[in-house]
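Q: Take a look at the following structure, please.
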Amino acid sequence: MEGTGTLAVYPGTFDPLTNGHVSLVKRGCQVFDRVVVAVAASTPKAPMFKLSERVAMARKVFADNPSVEVEPFSGLLVEYARRKEAAVILRGLRAVSDFEYEFQMALMNRHLERSIQTMFLMTDYRWMYISSSIIKEAWRAGGDVRWLVPDPVYRCMMDLGVGD
């Protein structure tokens with residue numbers, strides 16, 4: 001999906017992709033010509049879904065949005081962003097507690113690649129309290145998370161046979 005215009009890379013594990021993530025991508029599309037949802041191959045967390053499943057779910061969710069591309073990535077984020085010729089790394093902030101970690105990451109990325117900027121968007125107020133980790137925890141305990149994740153993601157969660 002190479003072309004002209006400003007490209008932002010939105011990285012994450014997206015395990016699972018939440019409505020908060022979707023909201024951020026849609027808002028990113030209002031600012032940038034294209035947004036790449038870059039699904040991280042490696043994660044320190046125990047993933048619920050394999051990389052290929054996370055990529056497939058995200059592709060289903062954004063299938064109707066030609067401004068969004070979904071692909072896996074591994075290695076250094078700034079190296080990936082440079083290969084994509086991205087101008088920006090897009091990150092979401094839910095609360096002040098997110099800021100310290102995100103600020104450190106942004107400074108390290110800036111140290112590694114000065115030509116790529118980091119832009120933070122505040123999460124929509126409806127999704128401020130959710131994270132993939134909280135959703136997984138609630139799901140595993142039998143909680144109803146269907147309104148917190150996109151339908152394709154919820155169907156995949158149902159297929160796992162855990163939760164409600």
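Q: Provide a single number: the residues in segment 67-79 that are free of Cβ contacts under 8 Å to residues at least 40 places away in the same chain and either assigned to a strand (DSSP E or B) or of a type outside the set (A, V, I, L, M, F, W, C) (or both). Walk me through how you get there before you give the answer.
A: Of segment 67-79, the ones free of Cβ contacts under 8 Å to residues at least 40 places away in the same chain are 67, 70-72, 74-76, 78-79.
Then keep just the ones that are either assigned to a strand (DSSP E or B) or of a type outside the set (A, V, I, L, M, F, W, C) (or both); that gives 67, 70-72, 74-75, 79.
The qualifying residues number 7.
Q: Out of S97, S115, S133, I need the residue that is over 17 Å from H21 (Cα atoms) and either assigned to a loop (DSSP other than H, G, I, E, B) or in contact (Cβ under 8 Å) with a residue 40 or more places away in the chain (or both). Which one? Working first, answer last.
A: Details: S97 fails: either assigned to a loop (DSSP other than H, G, I, E, B) or in contact (Cβ under 8 Å) with a residue 40 or more places away in the chain (or both); S133 fails: over 17 Å from H21 (Cα atoms).
Matching residue, one of S97, S115, S133: S115.
Q: Next question, about the same structure. Looking at R140, R91, R82, R126, which one is touching a residue at least 12 places away in the same chain (Cβ under 8 Å) and under 14 Å from the mean Cα position of the chain (by Cα)? It would help to see each step written out before you state the result.
A: On the way: R140 fails: under 14 Å from the mean Cα position of the chain (by Cα); R82 fails: under 14 Å from the mean Cα position of the chain (by Cα); R126 fails: under 14 Å from the mean Cα position of the chain (by Cα).
Just a single option satisfies the conditions, and that option is R91.
Q: If you don't mind, there's one more thing I want to ask. Report whether or not Y101 is over 20 Å from A38 (Cβ atoms) and either buried (at least 17 other Cβ atoms within 10 Å of the Cβ) or not charged (D, E, K, R) (or both). Even if it seems obvious, please write down each step before you answer.
A: Numbers: over 20 Å from A38 (Cβ atoms): no; either buried (at least 17 other Cβ atoms within 10 Å of the Cβ) or not charged (D, E, K, R) (or both): yes.
In short, no.
Q: Also: Could we say that A63 is outside any loop (DSSP other than H, G, I, E, B), over 18 Å from E102 (Cα atoms) and out of contact with any helix residue (DSSP H, G or I) (no Cβ under 7 Å at 6 or more places or on another chain) here?
A: On the way: outside any loop (DSSP other than H, G, I, E, B): no; over 18 Å from E102 (Cα atoms): yes; out of contact with any helix residue (DSSP H, G or I) (no Cβ under 7 Å at 6 or more places or on another chain): yes.
Taking the combined requirement at face value, the residue does not satisfy it.
Q: Taking the criterion of being under 13 Å from the mean Cα position of the chain (by Cα) and either among the basic types (K, R) or surrounded by 18 or more Cβ atoms within 10 Å (Cβ to Cβ) (or both), would at least one residue in segment 107-115 satisfy it?
A: Of all residues in segment 107-115, those under 13 Å from the mean Cα position of the chain (by Cα) come to none.
Checked against the condition, which is being under 13 Å from the mean Cα position of the chain (by Cα) and either among the basic types (K, R) or surrounded by 18 or more Cβ atoms within 10 Å (Cβ to Cβ) (or both), segment 107-115 yields no hits at all.
Q: Being modelled with pLDDT of 95 or more, under 15 Å from the mean Cα position of the chain (by Cα) and in a loop (DSSP other than H, G, I, E, B): is that true of P47 here? Please lay out each step first, then the result.
A: Working: modelled with pLDDT of 95 or more: no; under 15 Å from the mean Cα position of the chain (by Cα): yes; in a loop (DSSP other than H, G, I, E, B): yes.
For P47, the condition - modelled with pLDDT of 95 or more, under 15 Å from the mean Cα position of the chain (by Cα) and in a loop (DSSP other than H, G, I, E, B) - is not met.
The values are calculated or read from the model by the stated rules, or taken from the named source; none is laboratory data. What you see is a predicted model; the values in this text were computed from it and never measured. Because the Cβ atoms are built from the backbone with ideal geometry, glycine has one as well, and the counts that use them run over all protein chains shown.
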